[in-house]
Amino acid sequence: MYAMNPDRELMRSAGPLAVLKLLERREMYGYQIVEALAERSGGLLAMGQSTLYPMLYNLESKGLVTSRWDESTPRGRKYYALTPAGRRKLAEDVQRWRQAADAMRALGVLTRLAPCASLRALAGVNP
């Protein structure tokens with residue numbers, strides 16, 4: 001029988017949404033995204049570059065993010081930014097997650113307690 005890996009399943013659905021949310025405010029390069037995901041999610045959405053870059057390529061192939069090279073540093077950096085389609089997708093996905101959270105609250109799985117500081121930071125909410 002197939003055993004679901006909850007961490008893998010969470011990353012498959014929450015990872016792209018979290019990346020789009022980070023890029024909503026400003027463009028970022030890969031290592032910045034890796035660090036921000038780990039820090040702002042309290043480690044829950046931490047991922048290595050080997051996970052992040054295929055995700056970014058996938059988001060780019062779908063037209064949700066765009067990239068550009070910045071050669072002003074010795075190594076150069078590839079920056080990623082949200083496209084208008086990415087902003088629409090982010091809004092749709094945020095709404096779906098809110099609906100899912102509301103359903104889980106109705107079932108008693110989630111409570112109405114305030115989210116932890118790191119999740120508020122990821123969402124861009126100030127206490």
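Every number here is computed from the coordinates shown, using simple stated rules; none is lab data. Predicted, not measured: the structure shown is a model, and the values here were computed from it. Positions of Cβ are generated from backbone atoms using ideal geometry, with glycine treated the same way; all protein chains shown enter the neighbour counts.
Across all directions, the shadow cast by the convex hull of the range 19-69 built on its C-alpha atoms averages 3.4 square nanometres.
About the centre of its Cα atoms, the range 6-123 shows a dipole size close to 260 debye [charges on the beta carbon of Lys, Arg (+1) and Asp, Glu (-1) only; nearest 20 debye].
Computed with the Debye formula from one identical point scatterer per Cα of the range 6-123, without solvent, the log10 of I(q)/I(0) at q = 0.09, 0.12, 0.19 Å⁻¹ comes to -0.26, -0.46, -1.08. For the range 19-121, trypsin sites (Lys or Arg not before Pro) are listed when DSSP marks them as loop and at most 12 other Cβ atoms sit within 10 Å of their Cβ; the list is Arg26, Arg75, Arg112.
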